[in-house]
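Nothing in this text is a laboratory measurement; each read-out follows from the coordinates by a stated rule. Remember, it's a predicted structure, so these values are computed and weren't measured experimentally. For neighbour counting, all protein chains shown are included, and Cβ atoms are generated from backbone atoms with ideal geometry for every residue, glycine included.
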Amino acid sequence: MIMRSQYIAWMIILCVTAFGALSALPATAQDHDAAPGGQPAFFSALNDVPLMPGLFEMTGETVFFDKPEGRIAESSAFSQGPTPDDIRHFYRQTLPQLGWQRTDGDSYVRDDETLTMDIRRDPQGNIIRIMIAPHSH
């Protein structure tokens, strides 16, 4: 009987601890560090833009329009660990491997699209916003 009571007490402590850790994240954040099988994860609306490990996609912030001129999409992610410099470094290394050419600062171009990245400090961490729109010639 004592063993069962201790087991129940430990399970309650474990659940409360896990809930507390999850509630510290933004309500719309989802962890997509890796897809099943250890493959890198991608933003849900930007299925050709990887989600850096340590970033949590804020799915409630996603905007997507598919027009004849091309897609207009915006996705956001939150991080408490990686710094803005870490995030920039990751995307400066990764995006060219996917065909994106850096034009200046945090802007890239590929085919008929422009990708712009905005990283802002938040009191709880960093917010990264990635926008893709048709490239204006």
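A few points about this structure:
- Under the Karplus curve 6.51 cos²θ - 1.76 cosθ + 1.60, θ = phi - 60°, whole-Hz ³J(HN,Hα) for segment 61-72, x wherever Gly or Pro sits: 9, 6, 10, 8, 10, 10, 10, x, 6, x, 7, 10
- Most to least packed among 94-106, 118-130 [average Cβ atoms within 10 Å]: 118-130, 94-106
- Amide proton proximity set for T114, modelled H, under 5 Å, gap of 5+: A133, H135
- When each of the peptides 79-90, 50-61 is scored by how many other beta carbons lie within 10 Å of its residues on average, the order from highest to lowest is 50-61, 79-90.
- Shape call, segment 29-134: gyration tensor on alpha carbons, a/c limit 1.5: rounded
- Amide N proximity, segment 82-109 versus D48 label position 7 Å along Cα-to-Cβ, cut-off under 19 Å: 91-104, 107-109
- Computed from backbone phi with θ = phi - 60° and the Karplus coefficients 6.51, -1.76 and 1.60, the 3J(HN,Hα) list for segment 116-132 is 10, 10, 10, 10, 10, 7, 10, x, 9, x, 10, 10, 10, 10, 10, 10, 10 Hz; x is used for glycine and proline.
- Near P96: Cβ cut-off under 11 Å, other residues only, Lys/Arg at +1 and Asp/Glu at -1. The net charge is +3.
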